[in-house]
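Have a look at the structure below before the remarks.
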Amino acid sequence: MASVHESLYFNPMMTNGVVHANVFGIKDWVTPYKISVLALLYEMTTSKPIALQERRRLNKLILPLQQGPDLTLDQFLKTVEECCPQTAYAVKLRLHEMADGELKDMEYFFATLPTPFSAIDSEAYKTSVVGLFMRHMLLAYNKLSFSQVYKLYKALQQYYHSHYSQPGDVQVGLPALAADDSDMDLTSTEDNVGERMEKEELDTRPEVVDRGPLSQKQAEYFLARQAYLLKNDENKALKPSALQDELNNMLKFNPDFAEAHYLSYLNSMRVQDIFISTHSLLHYFDRLILSGSEGKSNGDEGYGRSLRYAALNLAALHCRFGHYQQADLALQEAIRIAQESNDHVCLQHCLSWLYTLEQMKGSDSSVLTEDSVKMAAHFCLPYLVSLGIQSLVQQGAVQGKTAHELMDALKDTDILHWKHSLSELIDISLAQTTSIWRMYGKSTMAQQQAQLLLNMNSLEQVNFGVQQNNTEAFAVALCHLAELHAEQGLYGAVSEVLKHLKEQFPPHTQHAKLWMLCDLKIQFDRAMNDGKYHLAEPHVTAIAALNKTEGLYRKAQVLKALNRTTEAYSILQRLQLYCEKTKYTEMIIRVMLVTAELHWESSGFATALPLLLQALALARQHHLQALASETILHLAFTQLMLGVPEQALGVLHEAMEPILAHGAVMDKGRALLLAARCQMAMAGTRSNGQKHAALGLAVQSLGEAAAYFSMLDCKERLRDVHYLQARLHHTLGQTPQRNKCAMLFRLLDQELQAPGAPLL
């Protein structure tokens, strides 16, 4: 089982991930820790009946104890006690009898050890895991000479007494454990005691500097376990520093252990350590070649295979860190070696990385991607086919393809995923669909796809109690959910989602930047909506550290709010030029909208009109409904200020339906407030009967707008609404309502103590 996990999770391009027999040059031996495990198995078989839940937990613990690294006695007893306090006490008493007795007590234990296992009704058969382990230990013990047996006994005494500060403390410890047995909770839910055991053993052992070499099986189990956890649930793996210490200790006894170097490479990538990750990756392929494991099985072909995949992995590493020139050189080297060896599979991987590299550089790679998809389909490589199609979908979304074209393409990839059980790509496809619907402004569909991903069971085999839930796809979906809830003013739900993200993706993990940026953007928008610009300004620097483009855009927003128009305009012009160069259409439209607002500040409404029409044409060309609706709001306000409220209201009705269906709460409130202002302006030119009807509609619109602004606690906009409500009620002769709205306006105005914001 361990070797299978290694071949799956160390490197998808490896042909031999098995740790060979006697890889450390030593054999399994009898140690004091192994005697403790034997004592546990003996007590499980001979002691009084154990409760079903406790026995189940102990059975799940046996394999990690046998295959994992040696534990100290304190860690061993603590792990057993969590499963069954009664058995832990019996094991402690058994070890006490041997360690504080004489050599003959240990001899007697090994002499009586086979008796309970040879019984007819014994659960431990000869060929079971327990039976094989016991027979293996007995054979190893019987081969020891007398001097070796004496050394083992002395080691057992030292192992036992190191658990206490003084040997005399043993007498105090045993009754205390017995007294606490009745108070232990024996009905606690079952968990992965193996994972907890290994984390506690390695994370809380600073005093152990040299543990000695591991056996072959211990190394296999440890490496396979950690590699699997790093791939599927990084939180349950060891901390980066603790894992690196273990790997260094392992490599100290066998520097040519290639798989340990590869796990060191994966571990270094967690903390973005370019030096150690490059060093470990190069050492992995060097050791793989020097060990002869590939060459012996495949001759020169095995040697060449290692070289070309080494170059390909090095290119991927440089891509990860943004070193595009070095990545390109390594990729060209991998392509050259693969062409010389006529390795079509390696060439397809190289082509996939080639178009990925071109995308990272900002170049158009659609032709390369299409070629990659065709060739991968020809060589029956469904994983690369799907990745290529997903890349084309992403490029198509940026280039303005319609939603049905993109969804049809993703539907074809989904068929491929389910046919070949590519669970990781299923997750990516759902996350990508969520992002596409969000980009198009369909918040309901985006939320549906995100929930589908989060509630879907993984197709991966669940080993070590791990669910596949710490991948980038899950992080993207959760960030979208957080932003969607923030748009609706549900900040309590946002806090819960972000709390889960922080637990699932700690700051040192590679996908933590996603939730960090999401959290900062939500806090920034909330502060800007509340008019608290002094709180929004510090977030700009943090956002710029994670995303330079977003940082510049937010900085321009803050400068505009602080009436520093010239600085804001300069930043927006630079940002627009950069986004046009990189074809970042969404940001181009946002920049145009903020630039139009700057023109409003100087009463340049006629100047803003061509800019808004250009933004609207761009939004419709790329099917960006949310941005198109926001642009229409700006157009309607501009027309209102130019003195044509009829045209403004007609334009506004075009955007009202999508805004109320999919828009944020702030956009809904702004749209209704603007509609009320248009209705008020139109009422002034009508007869008395029509005027009262129009003002009644305006009052209704303002009431709905106030409800939306209240959800966000947007006091500045609520102040504007209450002012207009008081004016309308005064015109309609509704004195009690006028007085109430006037009082609310006065309270908010005194609280804010600032000039009113524009009424959009």
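The values are calculated or read from the model by the stated rules, or taken from the named source; none is laboratory data. Owing to the predicted nature of the structure, the values given are computational and were not obtained by experimental measurement. As a convention, Cβ positions derive from the backbone with ideal geometry for all residues, glycine included, and neighbour counts pool all protein chains shown. Accessible surface areas use protein heavy atoms only, side chains included; no ligands, DNA or RNA. Shrake-Rupley method; radii C 1.70, N 1.55, O 1.52, S 1.80 Å.
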Number of the exception - S603 against (1) more than 36 Å from the chain's Cα centre (by Cα); (2) modelled with pLDDT of 90 or more; (3) of a type in the set (S, T, N, Q): (2)
All but one of (1) farther than 23 Å from L266 by Cα; (2) open to solvent by 30 Å² or more (accessible area, probe 1.4 Å); (3) free of Cβ contacts under 8 Å to residues at least 60 places away in the same chain hold for E487, so report the exception by its number. (3)
How many residues are among the polar types (S, T, N, Q) and over 14 Å from L317 (Cβ atoms) if we restrict to region 233-275? 6
Looking only at region 620-634, how many residues end up being open to solvent by less than 10 Å² (accessible area, probe 1.4 Å) and closer than 10 Å to L593 by Cβ? 3
Flag for E496 being open to solvent by 40 Å² or more (accessible area, probe 1.4 Å), of a type in the set (D, E) and modelled with pLDDT under 90: no
Out of everything in region 637-655 that is among the hydrophobic types (A, V, I, L, M, F, W, C) and open to solvent by less than 40 Å² (accessible area, probe 1.4 Å), what residue ends up being nearest to G489 (Cα to Cα)? A655
All positions within region 416-434 that are of a type in the set (G, A, S) and part of a helix (DSSP H, G or I): S423, S429, A431
Out of everything in region 35-49 that is open to solvent by 20 Å² or more (accessible area, probe 1.4 Å) and either modelled with pLDDT of 80 or more or part of a helix (DSSP H, G or I) (or both), what residue ends up being farthest from G131 (Cα to Cα)? T46
Could you tell me which residue of region 499-508 is least open to solvent (accessible area, probe 1.4 Å), considering only residues that are over 25 Å from E537 (Cα atoms), part of a helix (DSSP H, G or I) and in contact (Cβ under 8 Å) with a residue 24 or more places away in the chain? Q504
For S687: the one exception among (1) of a type in the set (S, T, Y); (2) open to solvent by less than 60 Å² (accessible area, probe 1.4 Å); (3) modelled with pLDDT under 90: (2)
Residue pairs, Cβ under 6 Å, 6 or more apart or interchain, first in region 430-455 and under 16 Å from D408 (Cα atoms) and without any contact (Cβ under 8 Å) to a residue 40 or more places away in the chain, second small (G, A, S) and buried (at least 22 other Cβ atoms within 10 Å of the Cβ). List them. W437/A446
A237 vs. criteria under 22 Å from I289 (Cα atoms) and touching a Leu at 6+ places or on another chain (Cβ under 7 Å): no
1 or more residues at pLDDT below 85, closer than 25 Å to R57 by Cβ and open to solvent by 20 Å² or more (accessible area, probe 1.4 Å): qualifying helices (runs of 4 or more DSSP H) within region 180-269: 193-203, 216-232
Between a first residue in region 543-566 that is at positive phi and a second residue that is open to solvent by 50 Å² or more (accessible area, probe 1.4 Å), which pairs have beta carbons less than 8 Å apart while being 6 or more apart in sequence or on different chains? N563/E601
Report, by residue number, each residue of region 292-308 that is modelled with pLDDT of 55 or more, open to solvent by 60 Å² or more (accessible area, probe 1.4 Å) and more than 24 Å from H323 (Cα to Cα). E301, Y303
Six or more apart or on different chains, Cβ atoms under 8 Å: show the pairs whose first residue is in region 353-376 and of a type in the set (K, R) and whose second is assigned to a helix (DSSP H, G or I). K361/Y324
Filter region 481-509 down to residues that are within 10 Å of the chain's Cα centre (by Cα) and among the hydrophobic types (A, V, I, L, M, F, W, C) and give me whichever is nearest to Q449 (Cα to Cα). L501
Does at least one position in region 656-674 carry a residue that is surrounded by fewer than 15 Cβ atoms within 10 Å (Cβ to Cβ) and over 29 Å from S435 (Cα atoms)? no
Filter region 309-330 for residues that are touching a residue at least 24 places away in the same chain (Cβ under 8 Å) and over 19 Å from S280 (Cβ atoms); which is most open to solvent (accessible area, probe 1.4 Å)? Y324
So how many residues does region 539-568 have that are of a type in the set (G, A, S) and within 14 Å of A527 (Cα to Cα)? 1
Yes or no: T278 of a type in the set (V, I, T) and either modelled with pLDDT under 85 or touching a Gly at 6+ places or on another chain (Cβ under 6 Å) (or both)? no
Would you call T595 open to solvent by 20 Å² or more (accessible area, probe 1.4 Å) and more than 23 Å from A446 (Cβ to Cβ)? no
